[in-house]
Amino acid sequence: MSKKPKKLGKKPKDFTAQIFKILSREPSKSFNYKQIAAVLELSDTKSRNEIIRDLKILKAQDKIHETEIGKYQIISKAEYYEGIVDMTSRKTGYFVCDELEDDVFIPFINLNHALDGDKVKAYIYNRRSSRKPEAEVLEILERKKTEFVGVIDIQKNFAFVTTANAKMYTDIFIPKNKIGDAEHGDVVLVTLEDWPKKADSPFGSVIKVLGKPGEHNTEIHAILAEYGLPYDFPIEVEAYANKIDTSITEEEIKKRRDMRDVLTFTIDPKDAKDFDDALSFQVLENGNYEIGVHIADVSHYLQEGTILDDEAYKRATSVYLVDRVVPMLPEVLSNFACSLRPHEEKYTFSAVFQLNNKAEVLDAWFGRTVTYSDQRFAYEEAQSIIETKSDVIPAEISLTGSEYSVPKPIVDATLKMDELAKILRRKRMAAGAISFDKVEVKFNLNEEAEPIGVYFKQSKDANHLIEEFMLLANRKVAEFIGKQKKTFIYRIHDEPNEDKLINLQTVIAKFGYSINFKSKKDISNSLNNLLSEVVGKKEQNLVDTLTIRSMSKAAYSTENIGHYGLAFDYYSHFTSPIRRYPDVMAHRLIQHYIDGGKSVSEEDYEEKCQHSSQMEALAAQAERDSVKYMQVKYMQDHKDQEFLGVVSGVTEWGIYVEIIENKCEGMVRIREIRDDYYTFDDKQYALIGEVSKNIIQLGDEVYVKVKNADLVKKQLDFHYLRKRE
């Protein structure tokens, strides 16, 4: 059935927001309806009558009072705040403001065209019926986004675009002359241009056709477009990058510490194309160990003030989707000039440490170097050396596909660094670090990028070896600058919110676990115990996920508050400049200070930190969406299969079930559970059968089948079969 155009302007006009705005500008002054009409430039009788009506309604709601007959003034206790709108999926929202203790409910009628994430000015008042505060949006100060992805429904003289975002409560009206090349049913990117006061929907225009719904590239490009992330570089940026001189010159080598003769190698994922970091190792005459953490010197090529640097800053991060990487830098830099590829000389920025057998740092040096990588390892190959203590890499895990022997110096270096890394890790844990080794869902893809299998990636000793030395470099670099009291970019992580931890305690108690709240150290110890106790159990992924959600989010800032999760007083990002812009800025600042430069503007760098944090969050959302999309796509081909899952969420509208063998999560609606009539018990986080008193709660194992796999919404619906006995 075709969609009818929405009738505009038929219902009585609501002047509430405009009246608030006028009265709030001059809170000490009283206005009558004629003065308000004059400000709004309205002279018709109908509009004046509607203003009189709205004034009486506002008076009845105790939002304004009548100072004398027909004259009105804002009630002095009325409060106005600036904040952010956080929409729910039920066409209502919450007003979030740092000045307020709690988020304030916004009924749909009070949104006044505000959308999720918009910065607004709002009025807070108490409803007479419940005395609970509510908010009304008076003014939209800044739209969070003006571009949206959706499916276009083309009618004879106009079109509507409907988004899959549950928080976007309206479709977008597209006039006929702004449809462009879009065809009915296409996935399109639209820009929001206007929202007339009398219109139910905002007006927009199509700026790009992304393709047909459900097609692989369409959906991946839609994910990127939804978050405003690019999937190719402007031609002029590519051209600029391709002209950069990437040769290694004697003139430049003379300006650097030459470490080409020191044993150096990389350890990365098997499918890695860019190698940010390498480790060097040598035994010193005093019996200690010199370990170099060598990082691609991106700042040598990425010069400030160039179009290449502007583009890298705008992106701020590479985006790792299931089937592709959207890089921060063009390929000529990310995969070639800056990548520490085996048997090639490279410009690097290094942190070189002298450690003893107790993994104590006795000396540290930071600066620009030139290095030569003697070997490239995949994690599996390095793991084989650690586990077997052998120099033979078996064919089945070898990068070359055939068995080969590793030179003894590299074997010895790997084993010693593994030993030191384990000591560093133990020290971190003893200091209160949280051990997050969450299982990552990965997909085996065929040539068409179709998912043909699911596997789980877990960190082993080889991963921890690299991790510990990268953490050491990041920590010591931050400490080096931080103790000089100069402006720097820190990676900060605040302590967890106690309310979130209490909510976590409520859930994990159902599985027999608990958190010790006595002290900060007790909390971190009990969280570590919790994370180790759930390993291999059915509730592991649920508990891991909920524990991560209870943590504060890490971010970039010039204000150092330390890193709670790592238990470091100083921490920065220094080790991945190919894929993170903050690391590039860190390199530049370190060199600037080594050269004797003065402390840079904290205000300028704080703005850059905030931008980097925002882009990181968008990239993470896009990455999660791509995993969800691939999970739905994978499950499309398994509709007839019965799966065992764990109840991972319980709500008044149904249960969420995570399939154990592939971590795909879907929903069973409460009405679909046929063996009884179930109601939601919010105290137990459970559904309870009215007749049988059967309980379905968090952690229960249940059998399900796929009912519906929606690629556009990235959503799975399950049929509920039965509980596991």
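Scan around ASN694 for amide H atoms under 5 Å from its own, H built in the peptide plane at 1.01 Å from N, and keep only partners 5 or more places away or cross-chain.
Sorted by chain and number, the residues that satisfy this are GLY689.
Could you sort the peptides 207-218, 465-476 by per-residue average Cβ neighbour count (10 Å cutoff), highest mean leading?
The packing order, highest mean first, is 465-476, 207-218.
Note down the net charge around LEU501, summing +1 for each Lys or Arg and -1 for each Asp or Glu among other residues with Cβ under 12 Å from its Cβ.
Result for the local shell: -1.
Can you run phi through the Karplus equation (6.51, -1.76, 1.60; θ = phi - 60°) for the stretch 566-577 and list ³J(HN,Hα) in whole Hz, with x for Gly and Pro?
Along the stretch 566-577, the couplings run 9, 6, 10, 6, 10, 7, 9, 10, 10, 9, 9, x Hz.
Students often get this wrong, so try it: which of (1) 213; (2) 190; (3) 173 is volume of the Cα convex hull per residue in Å³ as calculated from the structure shown?
(1)
If packing is taken as the average count of other Cβ atoms within 10 Å, what order do 546-555, 185-194 fall into, highest mean first?
185-194, 546-555
I'd like to check one number: the per residue accessible area of the stretch 565-616, probe 1.4 Å, reported in Å² as a whole number.
41 Å²
To make sure I understand the rule: partners must be aspartates and glutamates, Cα under 20 Å from the Cα of LYS176, and not fewer than 8 residues away in the same chain. Which ones qualify?
GLU147, ASP153, ASP186, GLU193, ASP194, ASP200
Tell me, in nm to one decimal, what length is gained between LYS34 and VAL332 on full extension, where the rule is 0.36 nm per residue of separation less the Cα-Cα distance?
100.6 nm
Highest first, please rank the peptides 238-246, 270-278 by the mean number of other Cβ atoms sitting within 10 Å of their residues.
270-278, 238-246
Please calculate how many Å² of accessible area the stretch 248-298 carries per residue, with a 1.4 Å probe and no DNA, RNA or ligand atoms counted.
Heavy-atom accessible area per residue stands at 45 Å².
I want the local charge near ALA449. Using Cβ-Cβ distances under 12 Å, sum +1 for each Lys or Arg and -1 for each Asp or Glu among the other residues.
Around ALA449, the surrounding residues sum to -4.
Give me the accessible area of GLU665, 1.4 Å probe, in Å² rounded to the nearest 10.
90 Å²
Counting Lys +1, Arg +1, Asp -1, Glu -1, what net charge surrounds PRO330 among other residues with beta carbon under 14 Å of its beta carbon?
-3
Only sites in a loop by DSSP and with at most 11 other Cβ atoms within 10 Å count here; which chymotrypsin sites (Phe, Trp or Tyr not before Pro) in the stretch 645-725 make the cut?
Passing both the DSSP loop test and the Cβ count: TRP653.
Report, in listed order, any pair from LYS121/LYS198; LYS314/LYS500; LYS520/LYS553; LYS197/LYS628; LYS273/LYS438; LYS442/LYS705 with a Cα-Cα distance greater than 26 Å.
LYS314/LYS500; LYS197/LYS628
Using a Förster distance of 25 angstrom, determine the FRET efficiency expected from the C-beta separation of LYS723 and THR506, and round it to 0.05.
0.65
So between GLU251 and THR545, what do we pick up on full extension, going 0.36 nm a residue minus the alpha carbon distance?
100.7 nm
Tell me, how many Å apart are the Cα centres for the stretch 78-121 and for the stretch 551-582?
30 Å
Using Cα pairs under 8 angstrom and six or more residues apart, how large is the relative contact order of the stretch 661-725, in percent?
Relative CO of the stretch 661-725 lands at 30 percent.
Roughly speaking, what is the stretch gain from SER435 to ASP604, that is 0.36 nm per residue apart minus the C-alpha to C-alpha distance, in nm to one decimal?
Gain on extension, SER435 to ASP604, equals 57.4 nm.
If contacts are Cα pairs under 8 angstrom and at least 6 residues apart, what is the relative contact order of the chain in percent?
It comes to 8 percent, rounded to a whole number.
Tell me the label-point distance for the pair GLU304, ASP522, using the 7 Å Cα-to-Cβ offset, in nm and rounded to one decimal.
Distance between label points: 4.9 nm.
So if we plug the beta-carbon distance of LYS59 and GLU661 into 1/(1 + (r/R0)^6) with R0 = 60 Å, what FRET efficiency do we get, rounded to 0.05?
Efficiency, from the Cβ-Cβ distance: 0.45.
When the Karplus curve 6.51 cos²θ - 1.76 cosθ + 1.60 is applied with θ = phi - 60°, which whole-Hz ³J(HN,Hα) does each residue of the stretch 389-397 get, with x for Gly and Pro?
The phi angles translate into 6, 9, 8, 9, 9, x, 4, 5, 10 Hz.
Pull up all non-local amide H partners of TYR94: gap of 5 or more, or a different chain, and H-to-H distance under 5 Å with H placed in the peptide plane.
ASP86, MET87, THR88, ILE106
Test of understanding: extend the Cα→C-beta vector of THR651 to 7 Å, then name every residue of the stretch 81-100 with backbone N under 13 Å from that spot.
Answer for the stretch 81-100: 88-92.
What whole-number value in Å² describes the accessible area per residue of the stretch 381-432 for a 1.4 Å probe?
Per residue, the stretch 381-432 has an accessible area of 48 Å².
Given a Förster distance of 41 Å, report the FRET efficiency between GLN484 and ILE397 from their Cβ-Cβ distance, rounded to the nearest 0.05.
Efficiency computed from Cβ-Cβ geometry: 0.35.
So which trypsin sites (Lys or Arg not before Pro) in the stretch 86-186 pass both tests, a DSSP loop state and at most 11 other Cβ atoms within 10 Å of the Cβ?
Those satisfying the criteria are ARG90, ARG128, ARG131, LYS156.
Round to a whole number: what % of the accessible area of the chain belongs to carbon and sulfur, probe 1.4 Å?
Carbon and sulfur: 47 percent of the exposed surface of the chain.
Once phi is turned into θ = phi - 60°, what whole-Hz ³J(HN,Hα) does the Karplus curve with 6.51, -1.76 and 1.60 give for every residue of the stretch 443-449, x standing for Gly and Pro?
10, 7, 10, 8, 5, 8, 6
Restricting to DSSP H runs of at least four residues, report the calculated mean residue ellipticity at 222 nm for the chain, -39500 (n - 2.57) per run over all residues, nearest 500 deg cm²/dmol.
-9000 deg cm²/dmol
The values are calculated or read from the model by the stated rules, or taken from the named source; none is laboratory data. Owing to the predicted nature of the structure, the values given are computational and were not obtained by experimental measurement. Cβ sites come from the backbone with ideal geometry, for glycine too, and all protein chains shown count toward neighbours. With ligands, DNA and RNA removed, areas are computed over all heavy atoms of the protein, side chains included. Shrake-Rupley method; radii C 1.70, N 1.55, O 1.52, S 1.80 Å.
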